[in-house]
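Since the structure comes first, as structure tokens, the remarks are kept for the end.
The values are calculated or read from the model by the stated rules, or taken from the named source; none is laboratory data. Keep in mind that what you see is a predicted model, and the values were worked out from it rather than measured. Backbone-built Cβ (ideal geometry, glycine too); neighbour counts: all protein chains shown.
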Amino acid sequence: MRRLILVLLSAVALNVAAQTRPPKLEPIPEPPPPPAGSLNEALEPQVTITKRGEDKVEEFRMSGKLYMIKVTPPHGVSYYLVDNVGDGTWIRQDARDSGLRVPMWVIGTF
């Protein structure tokens, strides 16, 4: 019986000792450079950050045309002015606004 306990304990100890050895790791190779022509600078928006009073204003331009303005007041939540059509008519969108409008009809009052 003692031999069986001794054999089991030694088997468990060897198993634990084998698991505590760190695995042999190889360094990860550097990623390859992006293919030529995949980075089109014209498709990246140009962002201009200015301060107007205490507000931080970020202007987003694509191909030189202003399409969105982000205004961040010092004490409030930022909001966006977006030109959806491209005619210079700006529509305000809050940062938390997802654009989803749920109908809110009054069904009955008590």
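A few notes on this one:
- Of all the residues in the range 27-86, those that are acidic (D, E), assigned to a loop (DSSP other than H, G, I, E, B) and out of contact with any strand residue (DSSP E or B) (no Cβ under 6 Å at 6 or more places or on another chain) number 3.
- Of the residues examined, E30 is not one that is within 20 Å of D94 (Cβ to Cβ), at pLDDT 90 or above, over 22 Å from the mean Cα position of the chain (by Cα) and loosely packed, with under 10 Cβ neighbours inside 10 Å.
- Residue in the range 39-47 that is of a type in the set (D, E), at pLDDT below 90 and under 30 Å from W90 (Cβ atoms) present: yes
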